[in-house]
Amino acid sequence: TPLGFNVTGQLAVTACLAIFTLIIYSVSGTKGYWMHMIWMPGVPVLIRPVLAIIELAGALLIKPFSLLVRLFANISAGHIVVMSLIAIMFTLKESLGVVGATGLSLVLSFFITLIEVLVAFLQAYIFTMLSALFIGMAVEDHAEAH
């Protein structure tokens, strides 16, 4: 928010959201989900242990980390851009004057803030959809023959 800090710009909040998603799809994952991840049907036996390690790393580390970083970085980047545009007011004060630098800074900051609100809604949607996708993949019934 313009007058305070943003919640999802805090690393701890996005980490908690990603960990909640990890716990939900780890606990509610069916036996078929875990068996397909650990011992994939149709894959040569020598390759299965390597793929199992990759799949487990993806499910337990990479998916939550990607959720965490995507939300945190996009929200933080928007705030950094807004703060940089506000800094124009101080850096261009001598060349544009106080009124010119302040006006330019406020106009640019206003339009970037509108874009930042759009990005915030978009990132919330993406986080929710990916979490739903990960949970849905874990709870669906897996057929033995693909």
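The values are calculated or read from the model by the stated rules, or taken from the named source; none is laboratory data. Every value quoted in this text rests on a predicted model; they were computed, and no experiment measured them. Cβ sites come from the backbone with ideal geometry, for glycine too, and all protein chains shown count toward neighbours. Ligands, DNA and RNA are excluded from the accessible area calculation, which covers all protein heavy atoms including side chains. Shrake-Rupley method; radii C 1.70, N 1.55, O 1.52, S 1.80 Å.
Side notes on the structure shown:
- Legend: helices of the chain (whole DSSP H runs) are marked when their alpha-carbon atoms reach 20 angstrom or more along the helix axis and their mean Kyte-Doolittle hydropathy is at least 0.0; marked are 11-27, 63-91, 93-139.
- Heavy-atom accessible surface of the chain, averaged per residue, reaches 65 Å², computed with a 1.4 Å probe.
- Tensor-based shape of the range 15-77 (alpha-carbon gyration tensor, a/c under 1.5 rounded, otherwise prolate or oblate): oblate
- Charge dipole (Cα centre; +1 on Lys/Arg Cβ, -1 on Asp/Glu Cβ; no other charges) of the range 1-127 amounts to roughly 340 debye.
- Report summary: the helix-based calculation at 222 nm, which adds -39500 (n - 2.57) for every DSSP H run with n ≥ 4 and divides by the residues of the chain, gives -26500 deg cm²/dmol.
- Reducing the range 1-47 and the range 86-146 to their Cα centroids gives an inter-centroid distance of 23 Å.
- Accessible surface of the range 1-129 [probe 1.4 Å, protein heavy atoms]: carbon and sulfur percent: 83
- For Rg/Rh (Cα atoms, Kirkwood Rh), the value computed from the atomic coordinates appears in the list (i) 1.22; (ii) 0.96; (iii) 1.10 under label (i).
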